[in-house]
Amino acid sequence: MKNKNGYTAVELIIVIAVFTVGYFAVANTLSYNFDVDYEQDLYDLKIASIEEQATIYAEGHADMFAESNDVYMTVEELALNNAIVSTKEGVVEDPRNSEETLNDLRVKITNEDEKITAEVLV
């Protein structure tokens, strides 16, 4: 009878193959749990940026509240006034779809007790 001190190459390959198949099965299953919608996250950040930039614009143009405490502007108007980041033509792209723009969205800018806030009306 032979004294066996280890595993054969075939046995090692079989064990590695079984672990590899198991790893890929588990990795595939877990990858669906981490499905992230980056386009929606970028859209939410873009909306927050527009609101912040509209607030800064309104703070520098307090005369716009002469008639009312609420002022409505479009994203396109803010872009053409260089208040928000846009292309040369004043186009603000929708991060969810590069063929769409956010130019038609309305922004409500409010001045209450000298506190200026902006909200994009979606």
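A few remarks follow.
- Annotation: peptides 72-79, 55-62, ranked by per-residue average of other Cβ atoms within 10 Å with the highest first, follow the order 72-79, 55-62.
- One decimal place: the segment residue 98-residue 44 gains 17.9 nm when fully extended, by the rule 0.36 nm per residue minus the C-alpha distance.
- For the chain, built as a Gaussian network whose Cα springs stay under 10 Å, the top-fluctuating residue of 68, 49, 31: 31
- Which of 102, 12 has the fewest Cβ neighbours within 10 Å, and the rest in rising order: 12, 102
- Top of 32, 43, 23 by mean-square fluctuation, Gaussian network on the chain, Cα under 10 Å: 23
- Computed over the chain, the per-residue total of -39500 (n - 2.57) for DSSP H runs of n ≥ 4 gives a 222 nm mean residue ellipticity of -14500 deg cm²/dmol, rounded to 500.
- Rounded to the nearest 10 degrees, the angle from helix 9-31 to the longest Cα principal axis of the chain is 20 degrees.
- Taken along its principal axes, the alpha carbon cloud of segment 28-114 reaches lengths of 60, 32, 17 Å, longest axis first.
- Note on residue 122/residue 64: beta-carbon distance plugged into 1/(1 + (r/R0)^6) with R0 of 22 Å gives a FRET efficiency of 0.50.
- Size of electric dipole in segment 38-121: Cβ of Lys, Arg +1 and of Asp, Glu -1, about Cα centre, debye, nearest 20: 120
Where a number appears in this text, it was derived from the coordinates with a stated rule and is not lab data. This structure is a prediction, so every number in the text was calculated from the model and none was measured. Cβ coordinates were reconstructed from backbone atoms using ideal geometry, including for glycine residues, and neighbour counts include every protein chain displayed.
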